[in-house]
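Below is one structure, written out as structure tokens; the observations come after it.
Throughout, read-outs are computed from the coordinates displayed, never taken from laboratory work. None of the values given here were measured: they were computed from a predicted structure. Note that each Cβ is placed from the backbone with ideal geometry, even for glycine, and that neighbours are counted across all protein chains shown.
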Amino acid sequence: MGLANGTGEDPRIDGICRSLKAVTHVVQWGGHDVYKVGGKVFAIAGTGLSLKVSDIGYEVLTENGMARPAPYMARNKWVLFDDPAGLPRDELEGHLTNAHAIVAGKLTRKLKKELGLEEA
């Protein structure tokens, strides 16, 4: 399944994101594919791939040049991979899974339970 914006982005992104628990997908912000958990964004695919990372992940990825600070979102520890198609599948899946976990971890306990992200 290709991405909505037609930019030819890596279709693995969509498959990986949709395989994660309680994920919703919308097309917004100029035709970008936006992936959310509990209504909170964890990844945006369009011109590259922007996603939430940990503080340490942000430092490592931006310092070694694998990714750059995501425009408008860098202060919140988001990075942008200009060419996600160049990432091995396991690495891409790891980044997306971690982004999902970081954002899901900040949801309320009640919402986590409702979404099946936490045991009752």
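Restricting the stretch 36-61 to residues that are among the charged types (D, E, K, R) and not in a helix (DSSP H, G or I), which is nearest to residue 95 (Cα to Cα)?
Going residue by residue through the stretch 36-61, those that are among the charged types (D, E, K, R) are 36, 40, 52, 55, 59.
Keeping just the survivors that are not in a helix (DSSP H, G or I) gives 36, 40, 52.
Numbers: 36: 15, 40: 17, 52: 9 Å.
The selected residue is 52.
May I ask you to say which residue of 110, 52, 77 is free of Cβ contacts under 8 Å to residues at least 60 places away in the same chain and loosely packed, with under 14 Cβ neighbours inside 10 Å? It would help to see each step written out before you state the result.
Values: 52 fails: loosely packed, with under 14 Cβ neighbours inside 10 Å; 77 fails: loosely packed, with under 14 Cβ neighbours inside 10 Å.
Testing whether each residue is free of Cβ contacts under 8 Å to residues at least 60 places away in the same chain and loosely packed, with under 14 Cβ neighbours inside 10 Å leaves just 110.
If I filter the stretch 104-119 for residues that are under 22 Å from residue 18 (Cα atoms) and within 12 Å of the chain's Cα centre (by Cα), do I get at least one hit?
Checked against the condition, which is being under 22 Å from residue 18 (Cα atoms) and within 12 Å of the chain's Cα centre (by Cα), the stretch 104-119 yields at least one hit.
State the number of residues belonging to the stretch 26-78 that are closer than 23 Å to residue 115 by Cβ, β-branched (Val, Ile, Thr) and in contact with a helix residue (DSSP H, G or I) (Cβ under 9 Å, 6 or more places away or on another chain).
Number satisfying all stated conditions: 3.
Looking at residue 26, is it assigned to a strand (DSSP E or B) and surrounded by fewer than 16 Cβ atoms within 10 Å (Cβ to Cβ)?
Numbers: assigned to a strand (DSSP E or B): yes; surrounded by fewer than 16 Cβ atoms within 10 Å (Cβ to Cβ): yes.
Judged against the criteria, residue 26 is a match.
Quick check, is residue 33 of a type outside the set (Gly, Ala, Ser) and assigned to a helix (DSSP H, G or I)? Full working, then the answer.
On the way: of a type outside the set (Gly, Ala, Ser): yes; assigned to a helix (DSSP H, G or I): no.
In short, no.
Provide a single number: the residues in the stretch 62-84 that are in a strand (DSSP E or B) and not charged (D, E, K, R).
Within the stretch 62-84, the subset in a strand (DSSP E or B) is 68-69, 78-81.
Still in the list and also not charged (D, E, K, R): 69, 78-81.
Summing the residues that are in a strand (DSSP E or B) and not charged (D, E, K, R) in the stretch 62-84 gives 5.
Just to be sure I understand, how many residues within the stretch 85-119 are assigned to a loop (DSSP other than H, G, I, E, B) and in contact with a helix residue (DSSP H, G or I) (Cβ under 6 Å, 6 or more places away or on another chain)? Before the answer, list the steps.
Kept after step one, since they are assigned to a loop (DSSP other than H, G, I, E, B), are these residues of the stretch 85-119: 87-88, 106-108, 116-119.
Subset that is in contact with a helix residue (DSSP H, G or I) (Cβ under 6 Å, 6 or more places away or on another chain): 117-118.
Qualifying residue count, the stretch 85-119: 2.
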